[in-house]
Amino acid sequence: MGFGQGLSGLNAASQNLDVIGNNIANSATVGFKASTIAFADVYANSRVGLGVQVANVNQRFTTGNISVSGNQFDMAIDGAKGLFRLVDNNGAVSYSRNGQFSANKNLEIVNAQGQRLTGFTVTEDGMITNQVAPIKVPVGNIAPKSTGAVDLKANFDSRSPVIVGTSEGIVSTGTPAVVKPSFNVAQPENHTHTLPVTVYDSLGNPHQLTQYFVKVAENEGNSEWKVYYQFDGKFLSSPTGTVAGKSGKPGEPGTPASGTGVASGDYVTGDTMLVHNLSFDSAGRLIGPYANVDEDGKASVLPFELSITGIGEDGSPAAPLNVTLSYNGSTQFGGEFSPSFTQNGYATGEYSSMSIATDGTIVANYTNGESKIMGALALADFNNMNGLQAIGGNAWVETGASGQPVLGQPGTNGFATVKGQAVEESNVDMSQELVNMIIAQRTYQANAQTIKTQDQILQTLITLR
């Protein structure tokens, strides 16, 4: 008769209470993963056992609740698969689920211990690479971008009357139309619809490109419209220029139109006015000019190209503005003129904030409304998560038992997604831990009782005479 079984039970129950106590103590620790203890009996060469021992302490890598923090640098991993990859100043790599981050003096995203968050780098054109490096917050301005394309979709009111006297000289060979008689923008009856669009030059300066639409003819069920172009109050002219892609062969390049300007309100004649033509069929579809048919037989209208020179000659000169105007998707139905357009230029802007997409893309936002991809979060996964070694600070390092990390972008290959301005709370289930504590307490008391009973029996033997 011995005390070994009871003592082993006391030791096991005590360690169980330690694990439970640690879970409860870290119930408010961001990214903490609760642990569970596993027991095994002690090997004995007889049917009477020798007690119990702690076989292992495992962590539960389940997802905790996600709570909003409001900090632009905070991130929460929303799913079980994935760990933040961190690197310290010595290059040592560790992993964590704690997404509480800030920016250091070097504008690197770091945790409370100063470890830098790493992610996939991007190329100059915003393409994500497979290279991993610390993520940095950009500073300063975003460079301006010259407008290169204006995409317009509009419904041209089919009920609009033909404007008499402006339909002469329409040609379909690609050379600028000769306008007779003169066109005067100051007279509203000279045009049907007007659309101003703000575009930007290479220095980020805004300019107004105004389009005047004039319904000029209805022939054999088709309607013809002219488009005049005014840039910063001056009409574009092209006495000798031609328009790109006018041979009727899909994709064949041509010569962009270019020229000088004529003041707004002046009477202009056909040899100084740049004109573009649009054609609609009886079904209200845009059919010309110069329809381009793809391999599937779907027709589209080739875009119209403008090359505007002499921008900012009185101040800081900007590069020529080469703009491609597309009218694909426009219609002519019996309804109000309803234009919608996009253009891809913008002025310079200051960095204002950072945002994180669910796929881990880290985006810098600027005061001009533009954004720029600055990296993509790199999550790590291991074949054996419980093989990781805890090093404190809510972090782990890889071991031989865990295997090597597999990196991936959130939302790909089974990796969890990410939520910005949020953190993952501890996954400790407080009610369950309290139940476990009561059980462990009863177990400890029961084992203590076995020792007490053994002691009483031993005292009985000692007192025998």
Please enumerate the residues belonging to the stretch 100-154 that are at pLDDT 90 or above, among the small types (Gly, Ala, Ser) and on the phi > 0 side of the Ramachandran plot.
Gly114
It is to be established whether one or more residues within the stretch 440-456 are without any contact (Cβ under 8 Å) to a residue 60 or more places away in the chain, in a strand (DSSP E or B) and out of contact with any Asp or Glu (no Cβ under 6 Å at 6 or more places or on another chain).
no
Only listed residue being buried (at least 18 other Cβ atoms within 10 Å of the Cβ) and touching a Pro at 6+ places or on another chain (Cβ under 6 Å), chosen from Ala154, Ala76:
Ala154
Scanning the stretch 396-420 residue by residue, the ones that are out of contact with any helix residue (DSSP H, G or I) (no Cβ under 6 Å at 6 or more places or on another chain) and in a loop (DSSP other than H, G, I, E, B) total 13
Which number in (1) surrounded by fewer than 21 Cβ atoms within 10 Å (Cβ to Cβ); (2) among the aliphatic types (A, V, I, L, M); (3) farther than 20 Å from Ala364 by Cβ marks the one condition that Met127 misses?
(3)
Residue satisfying all of: in the stretch 389-405; among the aliphatic types (A, V, I, L, M) and surrounded by fewer than 18 Cβ atoms within 10 Å (Cβ to Cβ); farthest from the chain's Cα centre (by Cα) among these
Ala401
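Out of curiosity, is Ala380 at pLDDT 95 or above and either part of a strand (DSSP E or B) or touching a strand residue (DSSP E or B) at 6+ places or on another chain (Cβ under 7 Å) (or both)?
So Ala380 fits the description; yes.
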Among the residues of the stretch 322-336, are any hydrophobic (A, V, I, L, M, F, W, C), under 30 Å from Gly70 (Cβ atoms) and surrounded by fewer than 20 Cβ atoms within 10 Å (Cβ to Cβ)?
no
Only one of these is assigned by TED's automatic domain parsing to the domain that holds Ile77 and more than 24 Å from Ser426 (Cβ to Cβ): Ile373, Ile356, Ile391. Name it.
Ile373
Residues that are at positive phi and out of contact with any strand residue (DSSP E or B) (no Cβ under 7 Å at 6 or more places or on another chain): does the stretch 49-63 have at least one?
yes
Residue check: is Glu305 surrounded by 18 or more Cβ atoms within 10 Å (Cβ to Cβ), of a type in the set (D, E, K, R) and modelled with pLDDT under 90?
yes
Answer yes or no as to whether Ala80 is under 30 Å from Met354 (Cβ atoms) and either within 26 Å of the chain's Cα centre (by Cα) or in a strand (DSSP E or B) (or both).
yes
Would you check if there is a residue in the stretch 441-453 being crowded, with 17+ Cβ neighbours inside 10 Å and under 17 Å from Leu83 (Cβ atoms)?
no
Does Val423 satisfy the condition of being assigned to a strand (DSSP E or B) and either in the same structural domain as Asn205 (by TED's automatic domain parsing) or over 24 Å from Ile128 (Cβ atoms) (or both)?
yes
Scan the strands (runs of 3 or more DSSP E) fully inside the stretch 317-371 and keep the ones with 1 or more residues being over 30 Å from Leu117 (Cβ atoms) and touching a Phe, Trp or Tyr at 6+ places or on another chain (Cβ under 9 Å).
321-326, 340-343
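The values are calculated or read from the model by the stated rules, or taken from the named source; none is laboratory data. Bear in mind that the values here come from a model prediction, so they are computed numbers and not experimental data. Cβ: placed from backbone, ideal geometry, glycine included. Neighbour counts: every protein chain shown.
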